[in-house]
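Beneath this line is the structure, given in structure tokens, with notes to follow.
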Amino acid sequence: MRDERFVLASHNRAKLAEMRDILGELGIRVISQAEAGVDVEPEETGATFEENALIKARAVMEASGLPAVADDSGLMVDALGGAPGVYSARYGGGHDRTDAQRNALLLKNLENEEHRRAKFVSVIAVAWPDGREITARGEVHGEIAREERGANGFGYDPLFLLPDGRHMAELSSEEKNSISHRGNALRELKRILTELE
């Protein structure tokens, strides 16, 4: 695994920094699509987080000729049959909806529900030009609160109530990374990659 380069299948700078931190410990250099000279945004047509992460990783790997890493994540609510799931970023419409609009819709859809169990899920995929592929999954469990709290984070974080009574959006970045679904998936990815060495 030493001196390997992975292209990140995302334009998100925060994800790039996070991937660089974790994978850098394994001697893997994560570069942006711009650094690889590609600009790919495949349509996410998968029915699962695993399928969508692999769609993105494969597309960037094929465009760049380098191994590619991608993630897909979202919120699953038991009372809504696992929704919004893979549609978390476009819940109730397209990507043009705001976090506040998606959170308002979620609360409306749960207003008569007593059981509000939910989980955040993140799946990270790596695709290599030689055909190898791996996925790593991370989850964090909680409930959907009845009102938003906290100014940190984004998306559904202000509504996600952790077992300790705090909302995800009340955590510092360091606290969130230590328990978050993406942090858990990155740690699982690191474990898998270490075993492949």
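By other beta-carbon atoms within 10 Å, ranking Thr48, Thr135 with the fewest at the front produces Thr48, Thr135. Label separation (Ala47 vs Glu174): 4.4 nm, computed from points 7 Å beyond Cα along the C-beta direction.
In order along region 90-98, the phi-based Karplus estimate (6.51 cos²θ - 1.76 cosθ + 1.60, θ = phi - 60°) of 3J(HN,Hα) comes to 10, 4, x, x, x, 5, 7, 6, 8 Hz; Gly and Pro are listed as x. Note on region 31-90: with charges restricted to the Cβ of Lys and Arg (+1) and Asp and Glu (-1), its dipole about the Cα centre is near 40 debye. Quick one: check the C-alpha center-to-center distance for region 1-77 versus region 118-138, whole angstrom. Comparing the Cα centres of region 1-77 and region 118-138, I get a distance of 9 Å.
Starting from the Cα of Glu197, step 7 Å toward the Cβ, then list every residue of region 12-37 with an amide N under 11 Å from that point. Residues 25-28 fall inside that zone.
Contact order normalised by length for the chain, with contacts defined as Cα pairs under 8 Å and 6 or more residues apart; what percent is it? Here the relative contact order equals 18 percent.
Rounded to the nearest 20 debye, the dipole size of the chain about its Cα centre is 140 debye, using +1 on the Cβ of Lys and Arg and -1 on the Cβ of Asp and Glu. Considering only Gly24, Thr194, Ala63, and ranking their Cα positions along the charge dipole of the chain that arises from unit charges at the beta-carbon of Lys, Arg, Asp and Glu, the one farthest toward the positive end is Gly24. Counting neighbouring beta carbons within 10 Å and listing from fewest to most, the residues His95, His167, His141 come out as His95, His141, His167. Given +1 at the Cβ of Lys and Arg, -1 at the Cβ of Asp and Glu and no other charges, the dipole of region 73-182 around its Cα centre is 200 debye to the nearest 20.
Counting neighbouring beta carbons within 10 Å and listing from fewest to most, the residues Ile192, Ile22, Ile124 come out as Ile192, Ile22, Ile124.
Bear in mind these aren't lab numbers, they're just calculated from the coordinates by the rules spelled out. Note that the structure is a prediction, hence the values are computed from the model and not measured. Reconstructed Cβ throughout: ideal geometry from the backbone, glycine too, with neighbour counts over all protein chains shown.
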